[in-house]
């Protein structure tokens, strides 16, 4: 029953997200608002709720399947965006190369050097 | 006989039972094929699974719009599943508290750039507003990106295609670029994989080391939430101004 109780919690936070979006005219999706509210709830209570954790694990494991109906559409849009493919391809390939390089550059400047103990532990795990 | 078969597929076309059956079956087939191919980074299992569904729809002469209507019942679970992402985010608390300063400085900039480069390049190359809106959340993990696309008015399939290409590109580019820049820190490589390549990059990071994987999850979650709050605000600016 832990999963069902956890599912009820998740639906409750989704509902809270919907209420917040409607009342405050937020431009965000109810799911993301619920995600933020749930995280704030964990921070406020200082711990994970074990029922919610039990329900979250299988749901997150199924995420890839839940998005499939959208992914299938990829094979049916060739005509719909004719004439746009150069822009799409350029934005995706060049844009991603630039953003990866930017992230690496930023993090190299800002990250403190790794703690040596933790680093050697990593090396043992991945010989 | 063939007429009756035609009538049958016509009546089943919008059926949730058929759409959900096809989706679950194709997903399991996709996972199996992916494992048999040796888990290639350039071909995420969900793409194989989606191809299986597309072929089945073509063979049964079912419209994609009908299929999506039926499978919409399955997508309803995306709501609670998105909320559930708060659990892994909270579990990253230790990393977030330990590195709050570099994260606070780099994440907003890097996540904004991940979207801004694509928007800018698409705009320069003459993309329509719908295409630009569909590409903007390209580095956001899919369940969150679906929520964003509803707000921006983009095309869901185009957004999904963009997500897949971005994930694969980021996975292929991150390690060579890191090598060229002399970066060996798995925290940085993992973070860049998750921030830019969402779930696809995170899978690759877990192949590198558990530490890279943890930082990829962190980069993915934070980018998803940050972008989900940023893009709808940016998109509603013109309306607010006039």
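Quick notes on this one:
- Some residue of the stretch B:94-111 being at positive phi and more than 7 Å from chain A (Cβ to nearest Cβ): no
- Given (1) at the interface with chain A (Cβ under 7 Å from one of its Cβ atoms); (2) buried (at least 24 other Cβ atoms within 10 Å of the Cβ); (3) closer than 21 Å to residue A:89 by Cα, index of the condition residue B:156 fails: (2)
- Among the conditions (1) at the interface with another protein chain (Cβ under 9 Å from one of its Cβ atoms); (2) more than 24 Å from residue B:81 (Cβ to Cβ); (3) at pLDDT 95 or above, residue B:187 misses just one, which is (3).
- Applying the condition of being under 30 Å from residue B:24 (Cβ atoms) and surrounded by fewer than 17 Cβ atoms within 10 Å (Cβ to Cβ) to the stretch A:71-115 and asking which residue is farthest from the other protein chains (Cβ to nearest Cβ) yields A:79.
- Condition met for residue A:26 (out of contact with any helix residue (DSSP H, G or I) (no Cβ under 8 Å at 6 or more places or on another chain), under 19 Å from residue B:133 (Cα atoms) and either in contact (Cβ under 8 Å) with a residue 24 or more places away in the chain or within 10 Å of chain B (Cβ to nearest Cβ) (or both)): no
- Residue check: residue B:212 meets all listed conditions (1) outside any helix (DSSP H, G or I); (2) farther than 29 Å from residue A:28 by Cα; (3) more than 7 Å from chain A (Cβ to nearest Cβ) but one, namely (1).
- Exactly one residue out of B:121, B:29 is modelled with pLDDT of 90 or more and more than 9 Å from chain A (Cβ to nearest Cβ), and it is B:29.
- Scanning the stretch B:70-93 for residues that are more than 9 Å from every other protein chain (Cβ to nearest Cβ) and within 18 Å of residue B:25 (Cα to Cα) yields one hit, B:73.
- Residue match in the stretch B:226-237 (condition: farther than 24 Å from residue A:60 by Cβ, touching a residue at least 24 places away in the same chain (Cβ under 8 Å) and more than 7 Å from every other protein chain (Cβ to nearest Cβ)): yes
- Taking the conditions (1) over 22 Å from residue B:195 (Cβ atoms); (2) not in a helix (DSSP H, G or I) in turn, residue B:41 satisfies each one other than (1).
The values are calculated or read from the model by the stated rules, or taken from the named source; none is laboratory data. This structure is a prediction, so every number in the text was calculated from the model and none was measured. Please note: Cβ atoms are built from the backbone with ideal geometry, for glycine as well, and neighbour counts cover all protein chains shown.
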